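Reading through the structure tokens given below for one structure.
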Amino acid sequence: MDFEVIIGLEVHAELSTNTKIYCGCTTEFGGEQNTHCCPVCLGLPGSLPVLNKKVVDYAIKAGLALNCDINRLTHMARKNYFYPDTPKNYQITQDETPLCRDGYIEIETEGGLKKIGIQRIHIEEDAGKNVHMEDSSYVDYNRAGVPLIEIVSKPDMRSPKEARMYLEKLKAILQYTGVSDVKMEEGSLRCDANISIRPEGSNEFGTKVEVKNMNSFRAVERALEYEAKRQMEAYERGEKIIQETRRWDEGRGETVTMRSKEEAHDYRYFPEPDMIYLSVDDEWIESIRKSLPELPDARRRRYINEFGLPEYDSEILTSSKKLADFFEECVNEGGRPKEISNWIMGEILRTLKDRSMEIEDIKFAPGHLVKLVSLVDKGTISGTIAKKVFKDMFETGEDPEKIVKEKGLVQVSDEGAIRELINKVLDENPQSVADFKAGKTKAMGFIVGQVMKASKGKANPQIVNKILTEELNKR
Amino acid sequence: MSVSIKDVEYVAKLARLEFSEKEKVKFTEELNSILKYVEKLSEVDTSGVEPAIGAYPMYNALREDEISPSLDREEILKNAPDKQDGYFKVPKVID
Ligand SMILES: [Zn+2]
């Protein structure tokens, strides 16, 4: 039987404000436990929350970047539950009046451009952190009250791959707007998923299962693949799929039951009595709209039109703002777009990945990459040597010209010197010469290799080819 | 609208409260009398009136994103029933 998979995602992003959402405590990461707390974020009796204006600015900015309508009049809501990481025994969030609603993200699927709807974005406070030990649990409230936006998609994704693409695009957009540093490994971006299946052609939704604890984009895709398969197999065995929350176990590569619907929370939302209305007027919204930077989709289209880059290059280069900025600086310094793109998508991204580094960790300036490319263009060094120079440049951040000079890597184009070298190699390899004469053209490649080796990679390959052909014909 | 003993038991469970059978009966009666009193409001014609989402007709109490000092940790943990190594210590919970 063929099935359709239906996925919706709930993403929490920490906002990059200086202070918490309802008090002036710092949001700085990594402080000693319980040192960034005050009566408000500890929920002490008599304290009153006051909303951080920057949180509203950032949430609206994210909403506009995600094509949302902004609610002019909203109110905070109280969500009630008991858990030690929530000192007030409730979370101040938004319920019926989220700040933003009805937006969308476009993703590039095999079937073309697809819009994934965004149902709502609301603002809320983060919880503290529980540390579980043998005997007891320990609580640190430094994160309690750190501002979050929760972005709830519509159930528009039809495969785990689409879910990953939506997440990647969402991350890029949030990063471009600067409202969050969106690092999934550090928990500033978190994702929960709702997934159900139904037989192909059916219009009814199946029972949905919530999946939690996915800590990377890859984990989201893997967890959803596992979960879709689990549900299809259950369906085919005639089993009923239970509405429940399941946890992704990365080590075992499977989802396991956390709680079923019977144990589900009843949060008893009601309007937060400690806070008043939030009213946002057109002027406020328009001033934020004006501050929006060029977003990934627009930038990608510009790379195709303005620089003539292929779709694939443009997509990768614009997937991260810092990467796109680096690329454009290179172009501004006079680099040829496609050539720069090749270097970034090849050597640079590969080296960064090998060392688990980010583009901002790069030591050399964009101008250095441009210089390196022009050294090859001018024939000062060969392409092979350029890769060596790149390694050095990556390591030390030094000017490539300096590296080439200091290490004596300048390409040898002196025909006399190359001819001498070639004759030496030919004298040493009579068998290869004989093979070549007997029609084994492969022998030529071997000889070229020997010549390059003897020149320590410095001989100009075009000249080597030309002279080698001449010398072989003489023999 | 009225509540039953079952409703009282459910709400008590959500609030982590424990009542005797006698108390449950008493609270059911009391809650029902409160609800009856509040029901008077439904006599008012509210057609064409937007539902309120907040209690006070006041708008935009906002603060700038400026850091103010937090409490000293000693002060933070002063009222904690149990603490260790700068943490609040609580009965073991599982996520
Ligand atoms: Zn605080």
Among trypsin sites (Lys or Arg not before Pro) in region A:1-94, those in a DSSP loop whose Cβ has at most 15 other Cβ atoms within 10 Å are A:72
Percent of accessible area on region A:415-474 owned by carbon and sulfur, 1.4 Å probe?
-> 56
Would you work out the relative contact order for chain A, in percent, from Cα pairs under 8 angstrom that are 6 or more residues apart?
-> 14
Of the accessible area of region A:3-286, computed with a 1.4 Å probe and all protein chains kept, carbon and sulfur make up a percent value of 46
Under a GNM of chain B (C-alpha, springs under 10 Å), which listed residue has the highest mean-square fluctuation: B:34, B:53, B:67?
-> B:67
Part-to-part distance (alpha-carbon centres) for region A:305-320 and region A:362-377, which is given in Å = 20
Which is farthest toward the positive dipole end of the protein assembly as shown among A:273, A:163, A:303, measuring Cα position about the Cα centre, with Cβ charges +1 (Lys, Arg) and -1 (Asp, Glu)?
-> A:303
Within region B:37-89, chymotrypsin sites (Phe, Trp or Tyr not before Pro) in DSSP loop having at most 15 other beta-carbon neighbours inside 10 Å = none
Which value, in Å², gives the accessible area per residue of region A:204-351 when a 1.4 Å probe is used on the protein heavy atoms?
-> 55
What FRET efficiency do you get for residue B:78 and residue A:89 if R0 is 22 Å and r is their Cβ-Cβ distance, rounded to the nearest 0.05?
-> 0.65
Run through the DSSP bridge list for the protein assembly as shown and note the antiparallel percent, rounded to the nearest 5.
-> 90
Relative contact order for chain B: what is it in percent, counting Cα pairs under 8 Å that are at least 6 residues apart?
-> 18
Based on the Cβ-Cβ distance from residue A:2 to residue A:475, what FRET efficiency comes out when R0 is 56 Å, to the nearest 0.05?
-> 0.25
Can you find, among A:18, A:330, A:56, the residue farthest towards the positive end of the dipole of chain A? Put +1 on the C-beta of Lys and Arg, -1 on that of Asp and Glu.
-> A:330
Asked for the total accessible area buried by A and B (1.4 Å probe, Å², nearest 100), one would answer 4000
Taking Cα atoms only, helix A:217-236 is inclined relative to the longest principal axis of chain A by an angle, in degrees rounded to 10, of 60
Pairing the Cα long axis of helix A:383-396 with the longest principal axis of chain A, what angle in degrees results, from 0 to 90 and rounded to the nearest 10?
-> 50
Looking only at B:63, B:73, B:16, which one moves most when chain B is put into a Gaussian network model with springs between Cα atoms under 10 Å?
-> B:73
To the nearest 20 debye, chain A has a Cα-centred charge dipole, built from +1 on Lys and Arg Cβ and -1 on Asp and Glu Cβ, of 1600
If one computes the Cα centroid of region A:335-350 and of region A:409-452, what distance in Å separates the two points?
-> 32
How high is the relative contact order of region A:3-286, in percent, with contacts defined as C-alpha pairs under 8 Å that are six or more residues apart?
-> 24
Over region A:27-151, average the accessible area per residue using a 1.4 Å probe and give it in Å², no decimals.
-> 37
Enumerate the residues in region B:13-28 having an amide nitrogen under 16 Å from the point lying 7 Å beyond the Cα of residue B:39 toward its Cβ.
-> B:28
Going by alpha carbons, how many degrees (0 to 90, nearest 10) lie between the helix axis of A:461-474 and the longest principal axis of chain A?
-> 30
In debye, nearest 20, what is the charge dipole magnitude of region A:217-303 about its Cα centre with +1 on Lys and Arg Cβ and -1 on Asp and Glu Cβ, if you could check?
-> 580
Exposed loop GluC sites (Glu not before Pro) only (DSSP loop, at most 14 other Cβ atoms within 10 Å): please give the longest stretch of chain B free of them, not including the sites.
-> B:19-63
Modelled label-to-label distance, residue A:200 and residue A:437, 7 Å Cα→beta-carbon offset: nm?
-> 6.6
Hey, can you find the accessible area per residue of region A:415-474 for me, probe 1.4 Å, expressed in square angstrom?
-> 58
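The values are calculated or read from the model by the stated rules, or taken from the named source; none is laboratory data. This structure is a prediction, so every number in the text was calculated from the model and none was measured. Here the Cβ is made from the backbone with ideal geometry for all residues, glycine too, and neighbour counts use every protein chain on show. Areas reflect the complete protein model, heavy atoms only, side chains present, ligands, DNA and RNA absent. Shrake-Rupley method; radii C 1.70, N 1.55, O 1.52, S 1.80 Å.
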